[in-house]
1. Would you please state the base-10 log of I(q)/I(0) at q = 0.05, 0.07, 0.10 1/Å for the protein assembly as shown, with intensities from the Debye formula using one equal scatterer on every alpha carbon?
2. Quick check: Cα centre of the range B:300-320 to Cα centre of the range B:176-221, how many Å?
3. For chain A, what relative contact order do you get, as a whole percent, if you take Cα pairs closer than 8 Å and at least 6 residues apart?
4. Please give the calculated 222 nm ellipticity per residue for chain B, where each DSSP H segment of at least 4 residues contributes -39500 (n - 2.57) and the sum is spread over every residue; nearest 500 deg cm²/dmol?
5. Once you average over the residues of B:52-58, how many Cβ atoms of partner chains fall within 10 Å of each Cβ?
6. At A:S94 and B:A289, where each label point lies 7 Å from the Cα along Cα→Cβ, what is the point-to-point distance in nanometres?
7. Determine the principal axes of the Cα atoms in chain B, then give the extent along each, sorted from largest to smallest and rounded to whole angstroms.
8. What is the percent of Cα-Cα separations in the range A:118-243 that go past 26 Å?
Amino acid sequence: MSDTYLNLVNSGFTKKLAKQLGLPQPAPLRRYRPGQPLLEGPTLVLGRGADAEAVAGLLSTTWDLEVHRHATPELRYAAVVVVLTEVTQPTDLSEPVLAAAGALKSLARGGRVVTLSRTATADDAPAVAAARQGVDGLLRSLAKELRGGSTGNGIVLDAAVGVDAPSVVGALRFFLSTRSAFVDGQLLTVSSAAGTLPTSWERPLEGRVAVVTGAARGIGESIADTLARDGATVVAVDMPSAGEHLTTVANRVRGTALQLDVTAEDAGERILEHALARHGRIDIVVHNAGITRDKLLANMTPEKWDPVLAVNIAAQLRINEALLTSGDFADEPRIVSLASTSGIAGNRGQTNYAASKGGVIGMVRATAPLLEAFGGTANAVAPGFIETDMTARIPAVTRQVARRLNSLQQGGQPVDVAETVAFLASPAAGGVVGRVLRVCGQNMVGQ
Amino acid sequence: MAASKTTTPAAAPRALVLGGNRIPFARAGGKYAHASNQDMLTAALDGLVARYGLQGERIGEVAAGAVLKHSRDFNLTRETVLGSALSAETPAYDLQQACATGLETVVSLSNKIRLGQIESAVAGGVDTTSDAPIAVSDRLRRALLDLSRARSVGQKIAAASKIRPKDLAPATPRTSEPRTGLSMGEHQALTTAQWGITREAQDEIAFASHQNLAAAWAAGFFDDLVTPYRGQSQDGNLRADTSLEKLAGLRPTFGLGLDTPATMTAGNSTPLTDGASTVLLGNDAWATAHGLTPLAVVVDAEAAAVDFVHGVDGLLMAGAFAVPRLLARNGLTLADFDYVEIHEAFASTVLTTLAAWESETFGRERLGLDGAFGTVDRARLNVHGSSLAAGHPFAATGGRIVATISKELHRRRTAEGRPVRALVSICAAGGLGLTAILEAA
């Protein structure tokens, strides 16, 4: 689905007009292509202490980026990384934040700002907690000020997690790269040093077998493509009635098609049987299959309520149960489930859908600990407004408004969701457990 | 010791059915009205490739065919392979044996596997009556060929002047028998009368076919056998809500000119249908290497033909002769089969075949046995429905039957842990019949 408005405000006379009228000016986002350099320009790493040094070392030595430790005026930075893990009181924020401020004025288009900080807990000294929690508000506000397709995201480290933990490194790379084009204003918590860094950042899923439900079209199709691009062998699952598209997807990603209604009692067993017989293992399950039956609650019927809960959450729980009891889902397994901003902020007419998606968030939080012993994780991805066949059916004016209600002032693409799924499914993300990562361009609604 | 060049006979490999895929069958003029044979066969083959992860794979050989074929489709199967997700280095050939085409591709490829010539194969068939070839009249064709060979203006005028307005009428495709001029339905009407098959018995066969097929669809049995195509996600001819009353209300369409009452209707005869099917075959080693579960073994096959032009046997009765020979060779009787699949070209084809086997006279005089050949337990007959409900895209029927019953054989064997067998019989134009034995692997 093309965004005509976005095209207009980025070319010729209409671009000038939009600027003079002060209209929203969404910038075309750069997306990931294999072989693309991580960053096209220098990176500024701010902050004092060993953590900042370690991060600067990672970027300059391991990733071979041009790293500056002090802002050079007028220089166009591709990224600014602010390391705030060692702040102990709110006034500690002043120096690094104000140093970043200078660099933001000349941040490159599609630039990246990433903060690293620590989780504020009730056990912290009040000043420490204040400084740490301050980063949350700082990052979310900063992200709202960025323009030109730039994004701001934060990594929050739980106690005892070092900046060199695989998931911190993985998240940093994800946020710096174009893979996170539509992820904005988000803070992702890393709770442990679990996970392993990939041999190749281009094919982090090499040798892994991934099951994607709802893979025939839209976001699911893009997830199948993206996981396969990252090296995974994909089992593409969808309703028998969607078989024709599913065939196209499975043949394109050189995986296998499994026509299956996820609400079937034995869906989990059939998924396991297929993956193990054909591919010898099962490592990743992406619960993407989902439906909507919108209706105001006052007019809600069992026909509209029950199927939504059955497909969007009950089926996932049943499949997870089969995975967990099989003993075959035990080598750093990954469950990634599709939630929705509706499940976080609520949406008029979507009580059923929001209940199911809120359910997903609760489910991954409670499922993750069950997988931890095997180095496994369960996480959710919450898409905001994504350009799909589903959102194309929204009335034109409503759609135009919905697109602009985020910091990037545009809808995301299915691939943006898929990239985030791929990150959470990767071996490096082993320390991200039971979380929800939003792919919404920092939508105004909810957290 | 010096290596000798003589070949050591190894145990013959088994030919296994590993799976199948077809597109839902559609009534002629329906959703596939504008799909060609190649389009449909490619869809069925690509669905098979997707289900079994065969992208880029060099299969031993692919054989398929169509009964109604455009002259441009002279290399239909190879062209289909080239347009599919299989390796372009997969060899292929076309095969045609009227409605037995699909089963014959299974039989001949299985034989190659048993001989060790190939390790894997895809058998298939396709037919469209919606996109059937329309030929020009023989007179017009000759004139146009003469015209293309003509050099001078004079020769050209002479060739063109031979064309008469009536030559311009297209020669529509016919399925009638070239030697008798009778359609298949009229032939079967003669056989139906010969054996005294009632209207009620035929309607019961048709009713059971729809009931059984509908139940299989409802149970999800076809989830891994069929891939939707062009918006058709179930067999278009299936009438889950039909009843014996509805069937009894239909007007007879064949045998109207006979002395006996006409009993064959649109309800107990197969409609013109579009569709395609494929079957994946391989030996044990290939199946293991690809993580595929063998469903059934292709044990043996027998073809027969009847002299319907001069003899007493009906056009579609060859199966009645092939099966006794096939079973005798394998030391089996009808009672040894858990499933019997008799292609429902017409309900009465099934009934006349069963009647012949139950007849003392037919057994003694025509089969040379001591008495009747035997009885088929109706509970074992066409248990997932057959052509009356699913429709009958001629060359695609064999693949439909083989894939469906192979899955059922495997299911039954897994459940009961004992050998399970199926008998398949398909009648065809020209007085042909092809039969085969499948056993759960």
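1. Those come out to -0.39, -0.68, -1.07, one per q.
2. 17
3. Numbers: 1001 pairs, mean separation 66.7, N = 447.
Value for chain A: 15 percent.
4. Details: 13 runs with 149 residues, N = 441.
Helix-only estimate at 222 nm: -10500 deg cm²/dmol.
5. On the way: counts 4, 11, 3, 7, 2, 1, 0.
So the per-residue partner count for this stretch is 4.
6. 7.3
7. Per principal axis, max minus min of the Cα coordinates gives 77, 67, 47 Å.
8. On the way: 3110 of 7875 pairs.
Above the 26 Å cut-off, the range A:118-243 has 39 percent of its Cα pairs.
Every number here is computed from the coordinates shown, using simple stated rules; none is lab data. Being a predicted model, the structure only gives us computed values, none of them experimental. Heads up, the Cβs are rebuilt from the backbone with ideal geometry, glycines too, and the neighbour counts pull from every protein chain shown.
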